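The values are calculated or read from the model by the stated rules, or taken from the named source; none is laboratory data. As the structure is a prediction and not an experimental result, all values here were calculated from the model. A quick note on method: Cβ atoms are made from the backbone with ideal geometry, for glycine too, and the neighbour counts reach across all protein chains shown.
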Amino acid sequence: MLAVYVLWLRQLKRYFRSRSRIIGSLGQPLLFLVALGFGLGPVFKQAGRGDYLHFLVPGIIGMSILFSSVFSGIEIIWDRQFGFLKETLVAPVSRFSIMLGRTLGGATVATMQGSIVFAISLVAGFRPAHWALVPAALPVMLLIALLFTALGTGIASLLEDMQGFQLIVNFLIMPIFFLSGALFPMQGLPKAMAVVAACDPLSYGVDALRAVLIGTGVSGLGPNVAILGCLALALLGIGSYLFSRIQI
């Protein structure tokens, strides 16, 4: 457990040392929030869907967590190239503990970024339907972060160069984001698109956040959290197996 704590703490220190990383990671969520939230708001309202900014905020929080979580895996490749990973792997601790510490650290950072986006959305005019339910959004954000940090770790364990990681991750996360219902309602989709969206893990996270923050989740909080938990455990298992096979 000490190794898990040390690696978790190391991830947090890396994050807080880089102010440019903190600011840069908020650029894209802010662009979507302002450009889409206020730009498409009148159109969404005319269609009888209500306030688009309130609909959009849970999706943008999910997007922020998704990007931060998956791209945290690049630190494995970075550490491999500079030799720190070799020093870590030869330590007298299990590789599962190393992977778990890294994953928890990356998930904590991603959850913090999601919380920052939520705070910014309050300044932009967003108001939760029930303030008493807002604390329940944190466990949901953490589950989303754990799921996608484990995914990023698994992908990074298979690769040795950053360019390949970025290409594969961009190929994965853009469809995951756009098919999650973060930007548009999931009701009334064509059958083929509805099936793809049902296979998208982020769609359950966004729906859970909407259930907590604006009270309009399609499937409800309980089923979404259960699915997210199962997927997170599965990806943690896959990620730890792939990480254990890293050659040094």
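Just name the residue that is surrounded by the fewest Cβ atoms within 10 Å (Cβ to Cβ) out of those in region 171-186 that are outside any helix (DSSP H, G or I) and touching a residue at least 12 places away in the same chain (Cβ under 8 Å).
Filtering first and then ranking leaves PRO185.
Could you check, for region 135-148, whether at least one of its residues is of a type in the set (Gly, Ala, Ser) and at pLDDT below 90?
So in region 135-148, the residues of a type in the set (Gly, Ala, Ser) come out as 136-137, 145.
This time we only want the ones that are at pLDDT below 90, so: none.
Scanning region 135-148 turns up no residue that is of a type in the set (Gly, Ala, Ser) and at pLDDT below 90.
Can you run down the residue pairs with Cβ atoms below 9 Å, 6 or more apart or on separate chains, where the first is in region 219-238 and of a type outside the set (A, V, I, L, M, F, W, C) and the partner is at pLDDT below 90 and crowded, with 18+ Cβ neighbours inside 10 Å?
Matching pairs, first to second residue: ASN224/GLY217.
Would you tally the residues in region 187-231 being assigned to a helix (DSSP H, G or I), closer than 23 Å to LEU122 by Cα and touching an Asp or Glu at 6+ places or on another chain (Cβ under 7 Å)?
The number of residues fulfilling the criteria is 0.
Which condition number in (1) more than 26 Å from GLN247 (Cβ to Cβ); (2) among the basic types (Lys, Arg); (3) in a helix (DSSP H, G or I) is the one that ARG127 fails?
(3)
Answer yes or no: is there a residue in region 154-171 that is within 23 Å of LEU221 (Cα to Cα) and not charged (D, E, K, R).
Within region 154-171, none of the residues are within 23 Å of LEU221 (Cα to Cα) and not charged (D, E, K, R).
For region 213-223, does any single residue satisfy the condition of being of a type outside the set (D, E, K, R) and in contact with a Ser or Thr (Cβ under 8 Å, 6 or more places away or on another chain)?
No, there is no match, as no residue in region 213-223 is of a type outside the set (D, E, K, R) and in contact with a Ser or Thr (Cβ under 8 Å, 6 or more places away or on another chain).
Taking region 239-248, which residues are touching a residue at least 24 places away in the same chain (Cβ under 8 Å) and either surrounded by 15 or more Cβ atoms within 10 Å (Cβ to Cβ) or outside any helix (DSSP H, G or I) (or both)?
Result: GLY239, SER240, LEU242, PHE243, ARG245, ILE246, ILE248.
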